[in-house]
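The values are calculated or read from the model by the stated rules, or taken from the named source; none is laboratory data. These figures come from a predicted structure and were not determined experimentally. Methodologically, a virtual Cβ is constructed for each residue, glycine included, from the backbone with ideal geometry; neighbour enumeration extends over all protein chains shown. We work out accessible area using only protein heavy atoms, side chains counted, and drop any ligands, DNA or RNA first. Shrake-Rupley method; radii C 1.70, N 1.55, O 1.52, S 1.80 Å.
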Amino acid sequence: MSKLSVIKKDNSLETFDPKKIISAVEKAAFRCDRIIDAENLERIAQEVLHRVKNQEKVSVSELHETVIAVLAFLQYKEVAEAYAEYRYYKTTYAKTFEQLRQDADDVLRLGDRENANFDSSLVSTKGTLIKGYLTKSLYKQFYLSGNEKKLIERGDIYIHDLRDMILGCINCCLFDIGNILKGGFEMSNVQYSEPKTVLTALQVIGDITLVATAQQFGGFTLPELDKVLLPYALKSERAAIKRYTEMGVDLEKAKLIARKDVIRELEQGFQSLELKLNTVPCSRGDFAFTTITFGQWNTEDYSAEERDWLCHIGSIMLAVRRKGHGKDQKPVVFPKLVYLYDEKQIQADEFSKQLFDEAVRTSSQCMYPDYLSLSSEYGSVSEIYQKYGAITSPMGCRAFLSLWQNEEGKAITVGRCNIGAVSLNLPIILSLAQKNQPQNWEAEFWRLLDERLEIIRSFFKKRYDIVRHQKCSSNPLAFTQGGLYEGNKNPDDIVGDMVRYMTASFGITALDETTYLWTGKRLVDEGGEVSAQILRHLKEKLAQFKEEDGYLYAIYGTPAESLCATQAHQYARFCNEIGIENVFANTKHYSPEYFTNSFHVNVTELITPFEKQDKEFQDFHLCEGGHIQYVRLDNPENVTAVRAMIERGMKMGFYQGVNFDSAYCGDCGTNSTNVLFKCPKCGSDDLSVISRVCGYLGYSNVNGMSRMNDGKMAEIKNRVSM
């Protein structure tokens, strides 16, 4: 080992270590998508040492210049440039910082409408958003490869939640809240005992949700919550009966009074949970994007008394949603509610039938719940449930986990998660192919698509590795308290092999626009041949990737909330740069302001709800890693029609939602539906309007002010079939 000393920036001395040169060169090579083998890395380090060995001391800056010179001398020009870019990042720092300052000013003055789940009028949210601009900039500059940066800047791919990637956290999850509560748990260095009543359980669940969602990004699902709450409802009932009988009340009368007490506990608990999730942002700055699934139980596994309580738990949750909050009974958007539909169960069990009736009535007033089919002959969710008895609840607005079985062959769904999503901009890829190879553009499209899929694959492999090496203390409720499967590790342990059950999502958007560029016809007219061809190609490639990498990759029908506008604007810029016409700027049915999200038909289509279900059936089932089907209802008060539409969707194996706009007037207090901008009674524009953003509900207006971006608002104005 040479005794050469390196003068650091603080003027301290450190012995020259060639391993540091090797590590720095490896990082530079990664950023330009090059791999240098160990032998040549050692050769580079030795050449650097050879050039400075006659000196006793060398400064850090001189050493860096020597590394760059050696890389160029040894014909690693791209690596030398990447090394220099990293070394000289200070020269671009001023420009980057100026953009960050501008972004911060915009948030402070104007707010942010990228995500309807953020209330950027709040100080806490402003702070989160400004921090997000910084972490996003750092991640793009220092952690993405050259190809990744190039493609996200042009728009070929879009890495979701880029501001969170530097943190190495997980994405959407099916959180095992029952496992957390059972036997007690520790949260924020405080030991919680297991709840003794259902009211306490719901209050604690709200606290856990706010803490746990702050340690991840994306949706947070409390799956099958009615079954989780059942033992606590029974505890409350038994305790109340005991209390009243000890007071001398007759046993039968004590049971009746105790039942009323538990019902009141459930009402108070769900009211408390709704208020907490809609008024208290988590420490990330956004409102916890929480989903609750409920409604399925095997009749042979539960007594009539238990099924009665399961029905009550679901019915009371629905009644609280219908009632709204405050003296004006204003509706809320969280948590997202999803009814787990099992046709045989509903037919065989009176309690199930009663709960389904309540669910349909609630949907006709509040849009929620959405419905997930478990009993269809179509779709992987129904297949997994019928074959393995495992329910794959949705994560967030539409993400779904791939089938995964543990070492005993049991299908595990609850306690699993996603690590992120990357979406393709198919119109850019197709137009680039047509520009590159006008005579053979179809073959060029498949080549370019495969090239981008490989880049996304490489990105996800790095993500898996990053999550694998995270300390469990980074998300203690998930990794040390049992919120995720096998998540009872020590805080200093790493996540490790828990990544084997986590999914990664390859997203697609704008299949309607892609079809138009391909055939000159819209998706609804062309019949879905092009979109199905693309999705089947993705399915084959991801099956190959899964086999080779051992990871769970999935096709994700991207909801495209702010992305619907981002990708449309990226495409317009791309057309301008390569000198082609942006046909969406001057074509009927299309808008230059937004792309259609995922596989859905264009929102302007004049088709019936049943026709929309038929048109989206094929592509829905080809996007099994993320999908939802929804239709727009002009007369939601017709409960019979709502029920028929839902039952049809369940036979088709859908994750089904109904759409209309629910408006509350701040001036006269009128509640109305399918009204966007003016109160139908008094004409006021002081409206709070709940619309379906993409797969979840959000405020398109709050007292006359929109939380959604301009592209999404333009889409909402054009909606006919959505």
Cα gyration tensor shape of segment 254-394, rounded if a/c is under 1.5, else prolate or oblate by comparing a/b with b/c: oblate
Those residues of segment 35-66 whose amide nitrogen sits under 14 Å from the label point placed on K27, 7 Å along Cα→Cβ: 64
Lysines with Cα under 30 Å of K330, excluding same-chain neighbours fewer than 8 positions away: K126, K227, K260, K276, K353, K678, K681, K712, K717
Whether segment 526-646 is rounded, prolate or oblate, judged on the alpha carbon gyration tensor where a/c under 1.5 counts as rounded: oblate
Normalised per residue, the volume of the convex hull around the Cα set of segment 519-570 (Å³): 120
Cβ-based charge dipole, segment 281-411, positive-most Cα from V381, S315, P281: P281
Length added when fully stretched, S59-K678, from 0.36 nm per residue minus Cα-Cα: 216.0 nm
Computed [θ] at 222 nm, helices only, for the chain once each DSSP H run of length n ≥ 4 contributes -39500 (n - 2.57): -16000 deg cm²/dmol
Near-label residues of segment 502-524 by backbone N, under 15 Å of a point 7 Å along Cα→Cβ of Q434: 511-523
Packing-based order for 694-701, 25-32, using average beta carbon neighbours within 10 Å, highest first: 694-701, 25-32
Packing rank of 531-541, 351-361, 190-200, where each peptide gets the mean count of other beta carbons within 10 Å, highest leading: 351-361, 531-541, 190-200
Förster radius 35 Å - calculated FRET efficiency between E408 and D105 (Cβ-Cβ, nearest 0.05): 0.05
Spacing of the two label points (7 Å from each Cα toward its C-beta) at H569 and E343, in nm: 4.6
Sparsely packed trypsin sites (Lys or Arg not before Pro) within segment 373-454, loop by DSSP, other Cβ within 10 Å at most 11: K410
Gyration tensor (alpha-carbon) shape descriptor, segment 550-616, a/c threshold 1.5: oblate
Euclidean distance between Cα centres, segment 363-403 to segment 427-474, Å: 28
At R0 = 35 Å, FRET efficiency that the Cβ-Cβ distance of K717 and E377 yields, to 0.05: 0.35
Cβ-based charge dipole, the chain, positive-most Cα from T519, F660, V211: V211
Descending Cα extents along the principal axes, segment 275-354, whole Å: 44, 30, 20
Isotropically averaged projected area of the chain, using the convex hull of Cα atoms (one quarter of hull area), nm²: 35.9
Accessible area of the chain belonging to carbon and sulfur atoms, whole % at 1.4 Å probe: 49
Assigned charges on the beta-carbon of Lys, Arg, Asp, Glu; segment 363-414 dipole about Cα centre (debye): 100
Crossing angle, helix 198-213 versus the chain [Cα axis fit, 0-90 degrees, rounded to tens]: 20
Accessible area in square angstrom per residue, the chain, 1.4 angstrom probe: 42
Full-extension gain in nm, E451 to A72, via 0.36 nm per residue minus C-alpha separation: 133.6 nm
Rounded FRET efficiency, nearest 0.05, which uses the C-beta distance separating E637 from K255 and R0 of 41 Å: 0.60
Full-extension gain in nm, Q533 to S5, via 0.36 nm per residue minus C-alpha separation: 184.0 nm
Fraction of antiparallel bridges per DSSP, the chain only, in percent to nearest 5: 50
Isolated Cys in the chain, by beta carbon distance under 4.7 Å: C32, C169, C172, C282, C311, C366, C397, C472, C564, C575, C623, C694
Distance (nanometres) between label positions extended 7 Å along Cα→Cβ at V280 and E194: 2.4
Probe 1.4 Å, all protein chains present, accessible-area order of M247, M395, largest first: M247, M395
Charged-residue dipole, Cβ positions (Lys, Arg, Asp, Glu), the chain about Cα centre, Debye nearest 20: 1380
Candidates per GluC sites (Glu not before Pro) in segment 133-192, loop by DSSP, up to 14 other Cβ within 10 Å: none
Per DSSP, loop trypsin sites (Lys or Arg not before Pro) in segment 296-338 with at most 11 further Cβ within 10 Å: K327
